[in-house]
Amino acid sequence: MEDGRVAHSHADVYSGQPPKLARVVLYGNSVLRDVAEPVVLVDPETFKIVDLMSKVVVRMSALGIAAPQLGIRKRIIVINKLTELVPVINPRVVSLSEDEYMVEEGCLSFPGASGKVYRAKSVQVEGLDMDMNPVLHEFTGVLANVAQHEIDHLDGILFIDHLELAARGLAIRKFHKAVRKLQFNPLGYSVNIDGVSIPTLKAA
Ligand SMILES: [Zn+2]
């Protein structure tokens, strides 16, 4: 911490109070179609982003999140393995199994919508952990879908892009209906993360 570049714990990333609200962007916001930038240095700012992402995932009982969903164009994902949260910096798919697995996928940026997406049943993902050490993760089953879904977000790809035209149209209609019903601002919605405690982040 002496050079101020690397924070080693989540407890000390905020100099003041941690934020009470996080904003999730909705489908239609152009940030979800942008290609996110690689993280050059895992610095205190990165810890803050991962902290926010982790709290949103826990609060929303989601299985994963990608930084662009908070309006942040950085290549960061957090996978919720339920027993632990796994952040991966600059994640990259290095191998996909040939056999596929179908999951009814939803997305924090698409409230009210879902669709059946076929993806590789297991996936190996390399990237960096919070200490900037290279890591190789293997995700299978639902979590393989989640990992592929979140990495897609970093390239501006959304789960609806994997659906047939009719299913895509249905998902988009359901999303618009939900947004109207919930009276969400079209640009995004706030998630109360005040007091959310997150499980220890897995380093590797
Ligand atoms: Zn998503």
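Where a number appears in this text, it was derived from the coordinates with a stated rule and is not lab data. Only a predicted model underlies this, so the values are computations on that prediction, with no experimental measurement involved. A quick note on method: Cβ atoms are made from the backbone with ideal geometry, for glycine too, and the neighbour counts reach across all protein chains shown.
When the chain is fully extended, how far beyond the present Cα-Cα distance does residue 84 get from residue 101, taking 0.36 nm per residue of separation?
Working: separation 17, 0.36 × 17 = 6.12 nm, distance 2.29 nm.
Contour length minus Cα-Cα distance gives 3.8 nm.
Could you list which residues have their amide H under 5 Å from that of residue 157, counting only those 5 or more apart in sequence or on another chain, with H placed in the peptide plane?
Residues meeting the amide H criterion: none.
Answer rounded, prolate or oblate for the stretch 12-93, using the Cα gyration tensor with square roots of eigenvalues a ≥ b ≥ c: rounded when a/c is under 1.5, else prolate when a/b is larger than b/c, else oblate.
Since a/c stays below 1.5, the shape of the stretch 12-93 is classed as rounded.
What is the projected area of the convex hull of the Cα atoms of the chain, averaged over all directions, in nm²?
Mean shadow area of the hull around the Cα atoms is 11.1 nm².
Quick one: compute the contact order of the stretch 10-192, relative version, from alpha carbon pairs under 8 angstrom and 6+ residues apart, as a percent.
Computed over the stretch 10-192, the figure is 27 percent.
Using the Cα atoms as the points, what is the convex hull volume per residue of the stretch 112-180 in Å³?
Per residue, the Cα convex hull of the stretch 112-180 comes to 103 Å³.
Across the stretch 127-137, in residue order, what do the Karplus-derived ³J(HN,Hα) couplings come to in whole Hz, using 6.51 cos²θ - 1.76 cosθ + 1.60 with θ = phi - 60° and x for Gly and Pro?
For the stretch 127-137, the Karplus curve yields x, 10, 8, 6, 9, 6, 8, x, 9, 10, 10 Hz.
How big is the charge dipole of the chain about its Cα centre, in debye rounded to the nearest 20, if each Lys and Arg gets +1 on its Cβ and each Asp and Glu gets -1 on its Cβ?
1100
Taking only DSSP H segments of four or more residues, each worth -39500 (n - 2.57), what value at 222 nm results for the chain once the sum is divided by all its residues, to the nearest 500 deg cm²/dmol?
-8000 deg cm²/dmol
Subtract the Cα-Cα distance of residue 164 and residue 132 from 0.36 nm times their separation in residues, and report this length gain in nm to one decimal.
7.7 nm
Quick one: what are the phi-derived ³J(HN,Hα) couplings along the stretch 101-117, Karplus 6.51/-1.76/1.60 with θ = phi - 60°, whole Hz, x for glycine and proline?
The phi angles translate into 9, 9, 10, 6, 8, x, 7, 4, 8, 10, x, x, 10, 7, x, 7, 10 Hz.
Choose one of 79, 69, 123: the residue whose Cα lies farthest towards the positive end of the charge dipole of the stretch 65-123 (beta-carbon charges +1 Lys, Arg; -1 Asp, Glu; about the Cα centre).
69
For the stretch 44-157, what is the charge dipole size about the Cα centre, in debye to the nearest 20, if Lys and Arg each add +1 at the Cβ and Asp and Glu each add -1 at the Cβ?
With only Lys, Arg, Asp and Glu charged at Cβ, the dipole is about 380 debye.
Under the Karplus relation 6.51 cos²θ - 1.76 cosθ + 1.60, θ = phi - 60°, what is the ordered set of whole-Hz ³J(HN,Hα) values for the stretch 78-85, x standing for Gly and Pro?
10, 9, 9, 8, 6, 7, 7, 9
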